[in-house]
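This is the structure, below, for whatever I ask next.
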Amino acid sequence: MTRVRFEWDPAKDLANQAKHGVSFSDAQYAFDDAKRVIAEDLAHSTQSERRYFCFGQVGGGVLTVRFTYRQDVIRILGRGIGHGVCASMKKPIKYTNEPLGNLQVVADFLPPPGELVFREETEKVTIALSKRSVDFFKREARLHGTQYQRMIRALLDRYADAHAAGNKRSERSRG
């Protein structure tokens, strides 16, 4: 099974952040909404390339993301017009009052959220692990058809998320 992944132009990402306060890294999570709505951008679609909008909930609001879809790649094109503030974002979304153009809602042709591979901002680090731990992750990765480094990162991310949520709860109970 081929997994659908995301890509974008870094320069357009920076321009979108300056204009709307939304990174494409955050905007991709609009596609993770099981109730997302897909609309074809009739004003900008051509025979050779169809363009679409995805309306999906991210955090506490709804993001609008313009994209194309080809060869198992969702390419985010930009103009993420937001409604609300995403809890994972550092800055509030900058509202714009721009028309979306000529749209037509279409059946959601994209794979379900569980089959999407989201692109993450990462930071490379060097860490010394026991051979026993590395061997375990390598075996498990082979069984599940993935990379062992990805499994370790996912485990650490879940651990950090769980403890960050626990810390927020204890801060609220003290406040």
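Inside segment 121-154, can you point out the residues that are surrounded by fewer than 10 Cβ atoms within 10 Å (Cβ to Cβ) and of a type outside the set (Gly, Ala, Ser)?
Once the filter is applied, which keeps residues that are surrounded by fewer than 10 Cβ atoms within 10 Å (Cβ to Cβ) and of a type outside the set (Gly, Ala, Ser), segment 121-154 yields 121, 122, 123, 124, 125, 126, 127, 131, 132, 143.
Which one is farthest from residue 118 (Cα to Cα), of the residues in segment 62-74 that are crowded, with 16+ Cβ neighbours inside 10 Å and out of contact with any Lys or Arg (no Cβ under 9 Å at 6 or more places or on another chain)?
62
Could I ask something else about it? Could you list, in sequence order, all residues of segment 23-48 that are among the charged types (D, E, K, R) and at pLDDT 90 or above?
Result: 32, 33, 35, 36, 40, 41.
Moving on to the next point. Please determine whether any residue of segment 49-60 is modelled with pLDDT under 90, within 14 Å of residue 113 (Cβ to Cβ) and of a type in the set (A, V, I, L, M, F, W, C).
Yes: segment 49-60 contains one or more residues that are modelled with pLDDT under 90, within 14 Å of residue 113 (Cβ to Cβ) and of a type in the set (A, V, I, L, M, F, W, C).
The values are calculated or read from the model by the stated rules, or taken from the named source; none is laboratory data. The shown structure was predicted, so the numbers you read here are calculated from the model rather than taken from an experiment. No Cβ is skipped: glycine too gets one built from the backbone with ideal geometry, and neighbour counts run over all protein chains shown.
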